[in-house]
1. Label points 7 Å out from Cα along the Cβ direction at Asn15 and Ala324: separation in nm?
2. Once both axes come from the Cα atoms, what is the angle between helix 102-122 and the longest principal axis of the chain, in degrees from 0 to 90, rounded to 10?
3. With a 4.7 Å Cβ cut-off, tell me which Cys residues in the chain come up empty for a partner.
4. Would you calculate, for the chain, the mean residue ellipticity at 222 nm contributed by helices, counting each DSSP H stretch of 4 or more residues as -39,500 (n - 2.57) and dividing by all residues, to the nearest 500?
5. Plugging the Kirkwood radius over Cα pairs into Stokes-Einstein for segment 1-138, at a temperature of 25 °C and a viscosity of 0.890 mPa s, what D comes out in µm²/s?
6. Going down the table (Lys250/Lys461; Lys100/Lys353; Lys314/Lys353), which pairs top 18 Å between alpha carbons?
7. For segment 51-99 and segment 310-328, write down the distance between their C-alpha centroids in whole Å.
8. Distance between Cα centroids, segment 171-204 to segment 423-445: provide it in whole Å.
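What follows is calculated from the coordinates using simple rules that are stated; it is not laboratory data. Only a predicted model underlies this, so the values are computations on that prediction, with no experimental measurement involved. Every residue, glycine among them, receives a Cβ derived from its backbone with ideal geometry; neighbour counts consider all protein chains shown.
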Amino acid sequence: MAAAVVPTTFKNFINGEWLDSHSGCTFENRNPADTSELLGIFPRSDAGDVHAAVESARAAYNTWRLVPAPKRAEILFRAAEILVRRKEDLARTMTTEMGKVLAETRGDVQEAIDMTYYMAGEGRRLFGQTTPSELPSKMAMSVRQPLGACALITPWNFPMAIPAWKMMPALVAGNTVVLKPAEDTPISATLLFEILTEAGIPPGVINLVHGMGPEAGAPLVAGDGVAAVSFTGSTETGRAVSLACARDFKPCHLEMGGKNAMIVMADANLDLALDGAVWGAFGTTGQRCTATSRILVQKHIYDDFRDRLAERAKALRVGNGLEASTEVGPLINEAQLQKVMEYVQIGRNEGAKIASGGSRLQKAAFANGWFHEPTIFADCAPGMRIAREEIFGPVVALIPFGALDEALEIANGVVYGLSASIYTRDVNQALRAARDLQTGIVYVNAPTIGAETHLPFGGTKQTGNGHREAGSAALDFYTEWKTIYMDYSDRLQRAQIDT
Ligand code: ADP
């Protein structure tokens, strides 16, 4: 009889030590493409574990904040080099726990690499302003100060990129962190911690607490001594996080839902727009906050575009992301699959027409996974729920429109404001759209996905709360300004009075 495979048992990382949850409770992590594959067993942490992690981060902050930023950055630089070296094995592991295809998990690791190198570079910048004083023999400058122990809560769709997007700017600026990664993708976060540790990060500077949102995430947000919270996830949870932070005046960065529109004008390069639509709507199985979930098509080309897009969607190969031929992987978990199926039913009830897909895939190779057909709803009205609410799956709503003004009104007519795009060869239309789309990100002749790490990332309205991730904008969240005046006149000088 073959010996049963013993799944790896993973641990929390607190004050430089790998620890079980103090209660001994655990949870499982399974492959969404084949749920018979148990990938690991993780500590199911609670407020006690969170408290220990926060105390560890607070204690380490006292010394980490005093390490010169270029020295902190050297550790990040070494971590980036390890990420480069291990990219392929990290990507393969990520595909087994998250489901997206290998090309995309490689991209996810690459995002972590890019962010880590970028923030390593910031170690020798972290610029403030030095400016003349209005008084003689007096200097005036402003410097970025770290905040303290930061709580980071991340989702499962970018298992390594999003933790890196939050950790690297926090760390280079002199903060310490406690990360609560998504319960569906705890391995990728663990690997990132192993890599930072190998790169030489001191004990206590980074702390990892696995577990469920309400049991581990909520006490982390509420934790005494947590200086700031950065959260990426659903709008519903983001609201709870925001309210908890408000009580203690904790700075809070929220990155939440989207209902991103692509506008296709009649003069667009249609082949290009179709490529963009397929990639934007069905890449990552539609599970990106920037996924293209509405495609607004000008009436003259609508029928042609719909038919060609449906053909392309039907031809997509759904399957296990580790297989080279697969183009669309599974949904992350059963709840997400159920949500997609419910929205497909809602769309049908609302009278939208299915142009392709519409069903769960369950036969043979799909039997043990959370697979759903890439699905297109045609002839949607902008007010339908499938055209307004975030589905987070391989479902896209096609909406016909007349003129650009109407398209802009439809695109802006949702509660979210993350990303939008327009396909046109008319520069005036492109620039009007770039000006008038009420989103944090606008693409011209590209789909709604594809953010680069050195530019600000984030959304308007109910997508965010005004902060931005990535680029130097990330440092604005993880630091606060201190203004320093140095008077070397040796006499009392009174600003605004001694004029
Ligand atoms: P998703 O729909 O992507 O799972 P969630 O907002 O539920 O979105 O989850 C995003 C992250 O927030 C996960 O790490 C999850 O465990 C965590 N989370 C869920 N509920 C809470 C909560 N009440 N407080 C803090 N974190 C939470």
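1. Roughly 5.0 nm, to one decimal.
2. Taking the Cα atoms of the chain, the angle to 102-122 is about 20 degrees.
3. Cys25, Cys150, Cys289, Cys380
4. So the helix-based figure for the chain works out to -12000 deg cm²/dmol.
5. Rounded, D is 130 µm²/s.
6. Cα-Cα > 18 Å for Lys250/Lys461; Lys100/Lys353; rest within.
7. Computed from Cα coordinates, the inter-centre distance equals 34 Å.
8. Cα centroid to Cα centroid, the span is 38 Å.
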